[in-house]
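J.: Submitted below is the structure of interest, expressed as structure tokens.
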Amino acid sequence: MWAGTALAPSRSAVDADTEVWFALPSDSGRVVWEALNAATVGPGLAELRGVPAWVHGVHFGDVVTTVESAEGRLVGVAVHRRGAQATFRLWLGEDPRLAASWRGIAERYAERGCLVDVVSEQLIALSCPVGSAPLIRGMLIEEESTTALVFEDGG
């Protein structure tokens, strides 16, 4: 989140008490997973406190139904209740100048109320209130048309 002059961890992310794991589709047949920070909100329920970079269909703030795996990990199986957040993923690609500007890009969207998860210098996941999504989408479309940035809606 934006703390006035710099990026800072969001309070809700800091208060997470568990991780929820999601299986990602894979053409190889090998199961690939993404873990998201979460807060336990009831038996078999967790509120997501991380911005999904890879998994589709869930967003920061969603409450998901979980089951415990044989290894003791919580696995997300369904959305129990939608939060009020939208997700965008930004790929900065192989352009070294664009990748070097990742911090400025992250700060620009954080200043507009987005939660930012910088996965790498090439991949940034954004979460913003659903009401702000059209503005953020418009900014991303403009940025995509003038730079090598590529974005997708995280629906």
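The values are calculated or read from the model by the stated rules, or taken from the named source; none is laboratory data. Computed from a predicted structure; not experimentally measured. In this analysis, Cβ positions are derived from the backbone assuming ideal geometry, glycine residues included, and neighbour counts consider all displayed protein chains. The protein model used for the area step is the full one, side chains on, heavy atoms only, and it has no ligands, DNA or RNA in it. Shrake-Rupley method; radii C 1.70, N 1.55, O 1.52, S 1.80 Å.
J.: Taking the stretch 77-104 only, how many residues are more than 15 Å from the chain's Cα centre (by Cα) and under 19 Å from Val51 (Cα atoms)?
T.: Residues in the stretch 77-104 being more than 15 Å from the chain's Cα centre (by Cα) and under 19 Å from Val51 (Cα atoms): 9 in total.
J.: Can you find a residue that is crowded, with 17+ Cβ neighbours inside 10 Å, modelled with pLDDT of 95 or more, in a loop (DSSP other than H, G, I, E, B) and of a type in the set (Phe, Trp, Tyr) anywhere in the stretch 86-101?
T.: no
J.: Still on this structure, I have one more. What tally of residues in the stretch 110-155 results from selecting those that are in a helix (DSSP H, G or I) and among the hydrophobic types (A, V, I, L, M, F, W, C)?
T.: Selection size over the stretch 110-155: 8.
J.: With the checklist (1) farther than 16 Å from Val116 by Cβ; (2) modelled with pLDDT under 95; (3) touching a helix residue (DSSP H, G or I) at 6+ places or on another chain (Cβ under 8 Å) in hand, flag the one item Val32 doesn't pass.
T.: Looking at each condition in turn, Val32 falls short on (3).
J.: Name the residue, out of Val41, Val77, that is in contact with a Ser or Thr (Cβ under 8 Å, 6 or more places away or on another chain), open to solvent by 40 Å² or more (accessible area, probe 1.4 Å) and in a strand (DSSP E or B).
T.: Val77
J.: When the residues of the stretch 102-113 are filtered to those that are free of Cβ contacts under 8 Å to residues at least 60 places away in the same chain and open to solvent by less than 40 Å² (accessible area, probe 1.4 Å), which remaining residue is nearest to Leu135 (Cα to Cα)?
T.: Step by step, filter the stretch 102-113, then rank; the result is Tyr109.
J.: Still on this structure, please answer the following. Using the structure shown, decide if Ala86 is among the small types (Gly, Ala, Ser) and within 23 Å of Phe22 (Cβ to Cβ).
T.: Spelling it out, Ala86 is indeed among the small types (Gly, Ala, Ser) and within 23 Å of Phe22 (Cβ to Cβ).
J.: Is one or more of the residues making up the stretch 25-34 within 12 Å of the chain's Cα centre (by Cα), within 14 Å of Val75 (Cα to Cα) and either free of Cβ contacts under 8 Å to residues at least 24 places away in the same chain or not in a strand (DSSP E or B) (or both)?
T.: Yes, some residue in the stretch 25-34 is within 12 Å of the chain's Cα centre (by Cα), within 14 Å of Val75 (Cα to Cα) and either free of Cβ contacts under 8 Å to residues at least 24 places away in the same chain or not in a strand (DSSP E or B) (or both).
J.: Working carefully through the options Glu107, Glu47, find the one that is part of a strand (DSSP E or B), in contact with a strand residue (DSSP E or B) (Cβ under 7 Å, 6 or more places away or on another chain) and charged (D, E, K, R).
T.: Unique residue meeting the criteria: Glu47.
J.: Name the residue that is most open to solvent (accessible area, probe 1.4 Å), counting only residues in the stretch 50-74 that are out of contact with any strand residue (DSSP E or B) (no Cβ under 7 Å at 6 or more places or on another chain) and free of Cβ contacts under 8 Å to residues at least 60 places away in the same chain.
T.: Glu71
J.: Looking at Ile124, Ile141, Ile136, which one is modelled with pLDDT of 90 or more and more than 25 Å from Val20 (Cβ to Cβ)?
T.: Within the list Ile124, Ile141, Ile136, the selection yields Ile141.
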